[in-house]
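Nothing in this text is a laboratory measurement; each read-out follows from the coordinates by a stated rule. Just so we're clear, the structure is a prediction, and the values are computed from it rather than from any experiment. Here the Cβ is made from the backbone with ideal geometry for all residues, glycine too, and neighbour counts use every protein chain on show.
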Amino acid sequence: MTMRMDQDLRSLLFVPADAPRRLARAAQCGADALIVDLEDSVILANKDQARAAAAKFVREVSQRDGAPRIFVRINGLETGLADADLNVVMPARPHGVMLPKSRSGMDVQHLAAKLAVQEAENDLPDGSTRILPIVTESGAAVFGLSTYARASHRLTALAWGAEDLCADIGAEDNRDERGEWSAPFALVRHLTLFAAAAAGVPAIDTIFADFGDLDGLRHECSRARADGFAAKLAIHPDQVGLINTLFTPSGEALARAEAVVAAFAARPDAGAVSIDGRMFDRPHLTRSQRILARAARANQPPPD
């Protein structure tokens with residue numbers, strides 16, 4: 001089946017599955033998607049409780065009008081815990097599954113096969129569950145970035161992560177003295193953009209850990225949007241509003257995009273057009289069409 005990608009997502013908020021108050025607040029914060037976490041934020045002793053809570057939350061919240069899309073971050077495939085996660089949460093019909101510590105497109109294919117079985121056993125539409133992998137949480141995973149293209153029709157975006165990568169490569173920090181990504185992490189961030197483009201899916205920027213620093217978040221969102229990221233992961237509800245604002249095309253951007261599209265529509269055979277003394281060529285048309293399509297999708301109800 002052909003699956004609609006989640007190209008209208010701007011904000012995706014992590015929330016621990018075993019934290020009832022945080023789950024309740026997250027459902028009301030305006031995030032486009034929630035990532036109910038069964039992995040790093042849940043200790044081993046609480047995994048069973050967290051699975052049950054995640055399933056209950058998915059069932060209840062997904063039925064509400066205007067509900068955010070809900071992904072469940074399962075434990076990594078290599079942990080031996082992923083099947084137990086899926087057995088409990090898949091009957092609740094989550095929108096998608098976040099795959100942590102993905103090493104390559106083969107991990108996505110492996111998860112896709114598990115989801116196909118779960119969908120058949122739970123009378124869910126075949127192929128309906130999206131997969132959102134975090135693709136840079138180890139040094140080895142960086143070398144698998146080119147393998148996500150055509151890995152699975154379930155693939156809905158690629159997200160990158162810096163914290164686990166920092167530990168994996170033995171880095172003392174992932175930021176420089178100015179607060180910008182240090183060279184190794186900037187490289188990985190850029191490669192994620194290229195990998196997502198090759199796979200034909202949106203790229204999602206990683207978390208901004210200092211949730212009290214909204215000026216820093218504003219700077220990082222603006223830079224990410226300018227570079228080509230479509231959305232950003234969040235770790236606190238207070239980050240969501242700013243992320244949504246900065247990843248929504250501005251009125252100025254929409255007006256410029258409309259002008260470019262209109263100019264090419266008036267001259268369909270032109271390789272370039274002039275608007276107010278500035279030349280715009282076909283790549284500008286492609287970018288303008290994407291901006292308008294993204295704005296239109298943001299005003300539509302979420303897909304089933």
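Odds and ends about this structure:
- Once backbone amide H atoms are built at 1.01 Å from N, L13 has A33, L34, I35, A234 as its partners under 5 Å, excluding neighbours fewer than 5 places away on the same chain.
- For R267 and R282, the difference between the fully extended length at 0.36 nm per residue and the C-alpha to C-alpha distance is 4.2 nm.
- Segment 134-265: C-alpha gyration tensor shape, a/c 1.5 cut-off, then a/b vs b/c: oblate
- Diffusion coefficient (Stokes-Einstein, Kirkwood radius over C-alpha pairs, 10 °C, 1.306 mPa s) for segment 251-296: 152 µm²/s, rounded to a whole number.
- Peptides 177-183, 103-109 ranked from most to least packed give 103-109, 177-183, packing being the mean of other C-beta atoms within 10 angstrom over each peptide's residues.
- Long-range amide H partners of I131 with built H, under 5 Å: V97, L155, T156
- Scattering profile of the chain at q = 0.08, 0.10, 0.11 Å⁻¹ [log10 I(q)/I(0), Debye over alpha-carbon scatterers]: -0.36, -0.56, -0.68
- Our estimate of slack between D173 and L124, defined as 0.36 nm per intervening residue step minus the Cα-Cα distance, is 13.3 nm.
- C-alpha center-to-center spacing [segment 57-109, segment 213-265] in angstrom: 27
- Amide N proximity, segment 64-103 versus A24 label position 7 Å along Cα-to-Cβ, cut-off under 20 Å: 64-65, 67-68
- What the phi angles of segment 99-107 give under the Karplus curve with 6.51, -1.76 and 1.60, with θ = phi - 60°, is a coupling list of 9, x, 6, 5, 9, 5, x, 5, 5 Hz, glycine and proline written as x.
- Simple Cβ-charge dipole of the chain, Lys/Arg +1 and Asp/Glu -1, about Cα centre, in debye nearest 20: 920
- When peptides 88-97, 215-224 are sorted by average Cβ neighbour count within 10 Å, with the highest value leading, the order is 88-97, 215-224.
- Antiparallel beta bridges, as assigned by DSSP with both residues in the chain, represent about 15 percent of the total such bridges.
- Spacing of the two label points (7 Å from each Cα toward its C-beta) at D213 and A198, in nm: 3.2
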